[in-house]
Structure formats: C-alpha cells, structure tokens
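All remarks here apply to the structure that follows.
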Amino acid sequence: RSAAIITSSASEKKRVCSYFGLAETVHHIPLGLPAAFLHDFEPAERSGVLCVGRIEGLKNQLNLIKAANGANWDLKIIGKPSANQPDYFKQCQQAAGKNVQFVGWLDAENLLEAYRSAKVLVLPSFFETFGLVALEALSQGCNVVIADRPDMNSIFNERVLRCNPNNPADIKEK
C-alpha cells in the first residue's frame, strides 16, 4: 500500500519488483555522500588495509582477519561489535594476529582521515545492498575490494576488485 518504494541498487529494485510485481512504483535512487567527503584533500603516503562497518557475521570480518594473518600489511577494523553477536566479535579477536587492530567507532572527521591514510578498503560482506563505505573510501582515494555480490557489482562496475567472501586466500590476493 506504499505510494513508492526506493531501492539503492538496480539489482535490489529487480528483486523487489519481482517479489511484489510493482515496477511502476519502485524507484532506484543511488545513495550519495555527505558534503565532508566531497572536499579536495592533499594526497598522503598510504599504507595498510581498512574494514569499516558493524562487526557481525554478515559483514564477514572473520574471513578478512584470516586473510590478514601473516600478511605484510596491517589491518584496521573500524566499527562497533554488533550487540546481538558478541560471540562473533570474540571469534574475530581470537583469530586476529599481531597486524590486526580493532579501532572501534570513529566520528566522521577521524573516519575521513582513516580513509585518506589507508591504501585499501576491503568490504568482504556476504550481503550488502549498497556498500556506502566503499563509495566513501573511493572518494578519498582508497583502492577498494568488495565481495562479488550482485548488488554491489551493479553499483561499482570496474572501479573495484572483487573477492570471494568465503575464501580468505582470495581476499588476501585481491
């Protein structure tokens, strides 16, 4: 009974239309970035890998941590643990090697600085309808690796590398 439904990706729109049969009232409107992400900045020396988002099974930080262990780069995981998945966060902490750091939540200014100083952002989620952090990271000059999932594939095209989120070796390679 909605007047309209808004989706953030073309593949999400396709699923909604298929399920509800409402093509004329479903609209694809991609998400944008806050103004702070649109300002010029001085290029800096970049190093390390970021993963930004709530720490939970769907976001798949555990396989990224497995990929990072023993690597010659540092991994910073930025975000709060999901309140309803404390065991997953414990698994991530236990799996983390010396080159993995849990940063916690960052405000917008510090998050911008993290994007601007990192070489790569990895978003290995099993499901994302958009992956806003990938767009934020791209806007700040990061290289981006995303999971090979339909919604994000329809948004980022060739601007990113894709990984198999089930395979830590593939995540590490990308």
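The values are calculated or read from the model by the stated rules, or taken from the named source; none is laboratory data. Please read all numbers here as calculations on a predicted model, not as lab measurements. Backbone-built Cβ (ideal geometry, glycine too); neighbour counts: all protein chains shown. Surface areas here come from the heavy atoms of the whole protein model, side chains and all, with no ligands, DNA or RNA. Shrake-Rupley method; radii C 1.70, N 1.55, O 1.52, S 1.80 Å.
Remarks
- The stretch 140-161: number of residues that are in a helix (DSSP H, G or I), open to solvent by less than 10 Å² (accessible area, probe 1.4 Å) and either at pLDDT 80 or above or under 25 Å from ASP40 (Cα atoms) (or both): 1
- Filter pass, ALA137 being part of a helix (DSSP H, G or I), closer than 23 Å to PRO34 by Cβ and modelled with pLDDT of 95 or more: no
- The stretch 27-65: number of residues that are of a type in the set (D, E, K, R), closer than 19 Å to PRO81 by Cβ and without any contact (Cβ under 8 Å) to a residue 60 or more places away in the chain: 2
- Selected residue (criterion: surrounded by the most Cβ atoms within 10 Å (Cβ to Cβ)) from residues of the stretch 1-14 that are closer than 17 Å to GLY32 by Cβ and of a type in the set (Ser, Thr, Tyr): SER9
- Within the stretch 119-136, the set of residues being closer than 17 Å to GLN61 by Cα and aliphatic (A, V, I, L, M) comprises VAL120, LEU121, VAL122, LEU123, LEU132, VAL133, ALA134.
- Enumeration of residues in the stretch 1-14 that are part of a loop (DSSP other than H, G, I, E, B) and either free of Cβ contacts under 8 Å to residues at least 24 places away in the same chain or more than 14 Å from LEU31 (Cα to Cα) (or both): ARG1, SER2, ALA3, ALA4
- Lone unmet requirement of (1) touching a helix residue (DSSP H, G or I) at 6+ places or on another chain (Cβ under 9 Å); (2) at pLDDT below 95; (3) open to solvent by 50 Å² or more (accessible area, probe 1.4 Å) for PHE130: (3)
- The set of residues in the stretch 140-157 being of a type outside the set (Val, Ile, Thr) and closer than 27 Å to ALA35 by Cβ consists of GLN140, GLY141, CYS142, ASN143, ASP151, MET152, SER154, PHE156, ASN157.
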